[in-house]
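Written out below as structure tokens is the structure these notes cover.
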Amino acid sequence: MSALVDAIRRELRARAKRDKAAILARFFKTGKGEYAEGDRFLGITVPETRAVAKRYPDLPLADVLTLLSSPIHEERACALFIMVGQYRRGTPAEQERIYRAYLAHTRHINNWDLVDLSAYHIVGPHLEGRDRQPLSRLARSSDLWERRIAMVSTFHFIRQGDPEAALDIAERLVYDDHDLIQKAVGWMLREVGKRCSFDAERSFLDRYAATMPRTALRYAIERMSPAEKRRYMKMKDCV
């Protein structure tokens, strides 16, 4: 283990809180048979983890990946915060290395918060102006977290006012049976309406509201008027 990795781990453990760790373990579904079975927590807040990450902006990628492979949730989160910062500041060659490393280690990006703090900061930006086929490949994955990475990565394009990628991936995942994918689909559809075009969101829902999972639909219509919410839920209830 490198001295820098050891130092980061000591800093994180110095902030550990056993009672909060137990709460986080329950919140993030780490029990037997749950989606994050076996994940381990120190009990550190996100701002604390981010603060530690900011102290090591130039951590070598090999060390970042060592942290990312940790069984400790906050160590993986710290690694991802560092990766996001390095991607933003990196040269094109450095960004390519980080993007490829990210996709090669998705097995360690294995909880929804880890996906959400990183995917649209690395995968989305890297596919700007490039072939977006990697999103389709991730959306077809049998791995829950890769599918969520596909959906959440499209938030980058939504923030640019471009709903195309989000609508494409949402269509591929609209009938996914996992609630974490349903929530991601609904979240991105809601953001399409908020940031790009309510007409684009409505067009999607007009086709799928009657048959898509209720969880995704409820997330998607959160910002709509009461009348529109009733209309779409009625479509669902009539099936």
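Inside the stretch 199-239, can you point out the residues that are of a type in the set (Ser, Thr, Tyr) and either open to solvent by 20 Å² or more (accessible area, probe 1.4 Å) or assigned to a loop (DSSP other than H, G, I, E, B) (or both)? Matches in the stretch 199-239: Ser203, Tyr208, Thr211, Thr215, Tyr219, Ser225. Counting only residues that are over 17 Å from the mean Cα position of the chain (by Cα) and part of a helix (DSSP H, G or I), the stretch 178-198 holds 4 of them.
Could you please let me know if Leu103 is surrounded by fewer than 18 Cβ atoms within 10 Å (Cβ to Cβ), under 15 Å from the mean Cα position of the chain (by Cα) and closer than 27 Å to Asp58 by Cα? Spelling it out, Leu103 is indeed surrounded by fewer than 18 Cβ atoms within 10 Å (Cβ to Cβ), under 15 Å from the mean Cα position of the chain (by Cα) and closer than 27 Å to Asp58 by Cα.
Taking the condition modelled with pLDDT under 95 and either surrounded by fewer than 20 Cβ atoms within 10 Å (Cβ to Cβ) or in contact with a helix residue (DSSP H, G or I) (Cβ under 6 Å, 6 or more places away or on another chain) (or both), does Lys194 pass? No: the conditions fail for Lys194.
Give all pairs with beta carbons closer than 7 Å in which a residue from the stretch 132-156 that is over 21 Å from Val84 (Cβ atoms) meets a residue that is in a loop (DSSP other than H, G, I, E, B) and of a type outside the set (S, T, N, Q); count only pairs at least 6 apart in sequence or on separate chains. What qualifies is Leu144/Tyr35; Leu144/His178. Just to be sure, is Ser2 at pLDDT below 95, open to solvent by less than 70 Å² (accessible area, probe 1.4 Å) and out of contact with any Lys or Arg (no Cβ under 7 Å at 6 or more places or on another chain)? Against the criterion (at pLDDT below 95, open to solvent by less than 70 Å² (accessible area, probe 1.4 Å) and out of contact with any Lys or Arg (no Cβ under 7 Å at 6 or more places or on another chain)), Ser2 qualifies.
The criterion of being under 19 Å from Ser2 (Cβ atoms), open to solvent by 50 Å² or more (accessible area, probe 1.4 Å) and not hydrophobic (A, V, I, L, M, F, W, C) holds for Pro71. Scanning the stretch 63-93 for residues being more than 29 Å from Asp19 (Cβ to Cβ) and touching a residue at least 60 places away in the same chain (Cβ under 8 Å) gives a total of 1. Considering the stretch 44-55, and only residues there that are under 12 Å from Phe81 (Cα atoms) and open to solvent by 30 Å² or more (accessible area, probe 1.4 Å), the residue that is farthest from the chain's Cα centre (by Cα) turns out to be Arg55. In the set (1) at positive phi; (2) of a type outside the set (Ser, Thr, Tyr); (3) in contact (Cβ under 8 Å) with a residue 40 or more places away in the chain, Ala216 fails one condition alone, (1).
Of the residues that make up the stretch 169-177, is at least one in a helix (DSSP H, G or I), open to solvent by 20 Å² or more (accessible area, probe 1.4 Å) and under 13 Å from Phe204 (Cβ atoms)?
Pass one, the stretch 169-177, residues in a helix (DSSP H, G or I): 169-173.
From what is left, the residues that are open to solvent by 20 Å² or more (accessible area, probe 1.4 Å) are 171-172.
With the extra rule that they be under 13 Å from Phe204 (Cβ atoms), the set shrinks to 171-172.
Looking for residues that are in a helix (DSSP H, G or I), open to solvent by 20 Å² or more (accessible area, probe 1.4 Å) and under 13 Å from Phe204 (Cβ atoms), one finds at least one in the stretch 169-177, hence yes.
If I ask for residues that are in a helix (DSSP H, G or I) and either open to solvent by 30 Å² or more (accessible area, probe 1.4 Å) or modelled with pLDDT under 95 (or both), which ones from the stretch 114-124 would you list?
Taking the stretch 114-124 first, the residues in a helix (DSSP H, G or I) are 114-116, 119-124.
Those that are in a helix (DSSP H, G or I) and either open to solvent by 30 Å² or more (accessible area, probe 1.4 Å) or modelled with pLDDT under 95 (or both): Tyr120, His121.
The values are calculated or read from the model by the stated rules, or taken from the named source; none is laboratory data. From a predicted model like this one, the values you see are computed outputs, not experimental measurements. When we count neighbours, we look across all protein chains shown, and the Cβ atoms used for this are built from the backbone with ideal geometry, even at glycine. Just so you know, the surface numbers come from the protein's heavy atoms only, side chains and all, with ligands and any DNA or RNA stripped out. Shrake-Rupley method; radii C 1.70, N 1.55, O 1.52, S 1.80 Å.
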